[in-house]
Amino acid sequence: MKDGVPVSLSFDDVYFSKEGGWEESRYVFVEGNQIPSRLSANETEVVSIGELGFGTGLNLFVTLDLWLGAENPTSLEYFSLEGFPLPKETLLALNFSFPDKPLWTETLLKSYEEQFQKWEMNPSEKEWKTDFLHPKAKAMFHVHLYFGDVSECLNEFPTIDFWYLDGFSPSKNPKMWSEDTLSKLRSHSKTGTR
């Protein structure tokens with residue numbers, strides 16, 4: 001931790017900015033992908049988001065906050081991966097930094113920790129799943145987080161509509177930006193994927 005923000009020892013970089021981190025995530029990933037207009041388009045199909053680098057879950061919670069605030073959103077499938085899962089104490093830094101946002105609850109943390117421990121004992125137990133029901137609509141927000149190496153976890157992803165590429169910078173985490181990874185991104189994207 002540095003000034004209340006988690007820092008990756010493996011990649012020597014912060015997971016998020018305490019000042020403006022929420023807004024930055026919303027601007028870069030959510031607004032940058034034009035997701036608000038897609039969620040309110042009243043389409044019957046499910047929207048899928050793929051993320052490289054789950055970290056503290058900031059992008060997940062920013063997207064969830066938008067989805068929960070939408071009047072009648074479509075259902076959403078959120079796929080993410082994390083090669084260096086964070087312990088509960090580090091994840092809670094997000095709650096302290098953004099106390100007025102819907103973030104890690106005790107139930108959610110317990111579920112995450114249980115799957116993290118299963119994965120540590122058996123690497124084939126790599127998927128953490130959780131769901132959120134929209135308070136005003138019948139829509140669901142499904143989360144699929146895969147623990148492990150990007151080259152293995154990306155194989156588990158379906159075809160994605162929107163990508164959040166947030167795995168630290170290429171100079172600090174070159175494997176996340178390798179030719180192999182980018183080729184797999186392409187094979188899990190459709191025409192028009194953002």
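What the table shows:
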item: The stretch 108-177: Cα Rg divided by the 2.2 N^0.38 Å rule of thumb; result: 1.32
item: Carbon and sulfur %, accessible surface of the stretch 11-159 computed with the full protein complex present, 1.4 Å; result: 50 percent
item: Ellipsoid equivalent to the stretch 53-109 - semi-axes via the Cα gyration tensor, in Å; result: 21, 15, 9
item: Å² of accessible area per residue within the stretch 69-194, as computed with a 1.4 Å probe and no ligands counted; result: 53 Å²
item: Met140, Met121, reordered so the largest accessible area comes first (probe 1.4 Å); result: Met121, Met140
item: In nm, spacing of pseudo-spin labels at Met140 and Glu113 (7 Å Cα→C-beta vector); result: 2.7 nm
item: Rounded accessible area of Tyr78 (nearest 10 Å², 1.4 Å probe); result: 0 Å²
item: Backbone N under 18 Å from the Glu23 label point (7 Å along Cα→Cβ), restricted to the stretch 88-132; result: 97-102
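The values are calculated or read from the model by the stated rules, or taken from the named source; none is laboratory data. No experiment lies behind these values; they were computed from the predicted model shown. No Cβ is skipped: glycine too gets one built from the backbone with ideal geometry, and neighbour counts run over all protein chains shown. Just the protein is used for accessible areas: all its heavy atoms, side chains included, with ligands, DNA and RNA removed. Shrake-Rupley method; radii C 1.70, N 1.55, O 1.52, S 1.80 Å.
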